[in-house]
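The values are calculated or read from the model by the stated rules, or taken from the named source; none is laboratory data. Note that the coordinates shown come from a computational prediction; the quantities given were computed from them, not determined experimentally. All Cβ positions, glycine included, derive from the backbone under ideal geometry; neighbour counts span all protein chains shown.
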Amino acid sequence: MKDQFQPQDLDGNPVTPGLPMAMLAEITHRCPLACPYCSNPVELTRAAQELDAETWARIFREAADLGVLQVHISGGEPGARRDLAQIVASVRDAGLYVNLITSGIGITRQRLQELDTAGVDHVQLSLQGIRPDMADRISGHPGSWDKKMGFAEWVTEIGFPLTINAVVHRQNMDRLPDMIELAETLGARRIEVATVQFHGWADLNRKALMPTREQAGFARQVVNDARGRLRGRMVIDYVPADHHAIYPKACMGGWGSTGLNIGPDGTVLPCHAAQTIDWMRFDNARDRPLADIWHDSGSFNAFRGTGWMAEPCRTCDRKTVDFGGCRCQAMAMAGDARATDPVCSKSPLHAQVVARAEEDAASDTADLIYRRMKKGG
Ligand code: SF4
Ligand code: FES
């Protein structure tokens, strides 16, 4: 059944969606860490609402039939699920590439070995700092640094390709060169340097985490230099500080175009922050086939094509480059998910956004609001 939104171009011609390459499976929101920039929603899903392994197996088969090639198993901390190896094996059985995104906390060496046997192809490990004090403070987990360093060793001993995921912000951006060096030392083939995105938990911590304009420029330079130096040895993916940019990022590579996210309870989302768009309704993979949701649901079709765009995007020659930026950022800052992303210099709200970012960046607070599940989770 088709929902109310039908994707169109600016002339009213129908737009046919492409196929998703990747699926993010957030199998749990439980996590031993409490990072203050977590991309999970502020309202976390409780353990009792999580999909069981059999339902995940069915969803992975549906994803493979739909055209998905790789599954990112994430959370929360996926290791919080005792049946993680069973879930991984079902991704492999569906013929899909398995990337395990983990904090490295709570997975023993023996379990990691079992996950290798079950079918994990690649491991992505998050780091919160380049020293124990910083890493433990940002993650809100004493002892996290030592555990992560031990985990990284096991990853290379077992022979998984390793990606380091480093979220950077005002409190650690100056140490970015050391972070890249650490990734090299750990034998990583890739590092994702992602400037914190101010949705959900991170938005509660804007004053403590917003980088300064100078830091954003410094990070860009460090990444450019390191890309040249490390060519052929380590790939650097970079999500810049868009509050200090001229144009927004092409969030999700365009809404509903290349990937989909599934939450612990089976809610299917076009991006991790989509639930902040208060008028949007989301389907659940428990009760609707994934292909139907991808092709025909209102949530996925709402921002496909260009027909939904307002000015200045409508007449801008970058509308098929950045697709108007991030819908969730437009919702958060302009109060309208259809608006031009206010970080764009052409947005009427741009000056206001920059002023607020500068004000947050100038704050001297370092106090963090940590991610926590409400009692009873
Ligand atoms: Fe992108 Fe819209 Fe800004 Fe043009 S006006 S650069 S399409 S966000
Ligand atoms: Fe939702 Fe960017 S985070 S579109």
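Values for this structure:
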quantity: Matching residues, the range 323-371, being within 16 Å of ligand 2 (Cβ to nearest atom), closer than 30 Å to L44 by Cα, out of contact with any His (no Cβ under 8 Å at 6 or more places or on another chain) and part of a loop (DSSP other than H, G, I, E, B); calculated: F323, G324, G325, C326, G335, D336, A337, R338, A339, T340, D341
quantity: Hits in the range 7-26 - residues which are assigned to a loop (DSSP other than H, G, I, E, B) and in contact with a strand residue (DSSP E or B) (Cβ under 6 Å, 6 or more places away or on another chain); calculated: P7, D9, V15, P20
quantity: Unique residue being touching a Cys at 6+ places or on another chain (Cβ under 6 Å) and on the phi < 0 side of the Ramachandran plot when the list is E77, E50; calculated: E77
quantity: Pair list, Cβ < 6 Å and 6+ apart or interchain, from the range 304-326 residues that are over 17 Å from S345 (Cβ atoms) to residues that are at pLDDT below 95 and not in a loop (DSSP other than H, G, I, E, B); calculated: G305/Q8; G307/Q8
quantity: Test result for A285, touching a residue at least 60 places away in the same chain (Cβ under 8 Å), more than 16 Å from the chain's Cα centre (by Cα) and within 30 Å of W56 (Cβ to Cβ); calculated: yes
quantity: Residue that is nearest to the chain's Cα centre (by Cα) [pool: residues in the range 106-118 that are within 16 Å of T156 (Cα to Cα) and in a loop (DSSP other than H, G, I, E, B)]; calculated: I107
quantity: Unique match (being more than 23 Å from L51 (Cα to Cα), hydrophobic (A, V, I, L, M, F, W, C) and not in a helix (DSSP H, G or I)) among A135, A166; calculated: A166
quantity: Pairs with Cβ under 7 Å, 6+ apart, first in the range 265-277 and more than 17 Å from R338 (Cβ to Cβ) and not assigned by the TED database to the domain that holds Q329, second within 9 Å of ligand 2 (Cβ to nearest atom) and at pLDDT below 95; calculated: H272/S39
quantity: Candidate set from the range 228-253 (those that are of a type in the set (K, R) and more than 16 Å from ligand 1 (Cβ to nearest atom)); member that is nearest to A188 (Cα to Cα); calculated: R233
quantity: The range 233-246 - residue that is at pLDDT 95 or above and outside any strand (DSSP E or B) and, of those, nearest to ligand 2 (Cβ to nearest atom); calculated: M234
quantity: Residue tally, condition within 16 Å of ligand 1 (Cβ to nearest atom), in a loop (DSSP other than H, G, I, E, B), of a type outside the set (A, V, I, L, M) and crowded, with 16+ Cβ neighbours inside 10 Å, over the range 284-311; calculated: 5
quantity: Of all residues making up the range 181-200, the number that are buried (at least 20 other Cβ atoms within 10 Å of the Cβ) and over 20 Å from the mean Cα position of the chain (by Cα); calculated: 1
quantity: Candidate set from the range 327-344 (those that are touching a residue at least 60 places away in the same chain (Cβ under 8 Å) and more than 7 Å from ligand 1 (Cβ to nearest atom)); member that is farthest from F303 (Cα to Cα); calculated: V343
quantity: Test: residue in the range 254-271 that is part of a helix (DSSP H, G or I), more than 16 Å from ligand 1 (Cβ to nearest atom), touching a Phe, Trp or Tyr at 6+ places or on another chain (Cβ under 6 Å) and at pLDDT 95 or above; calculated: no
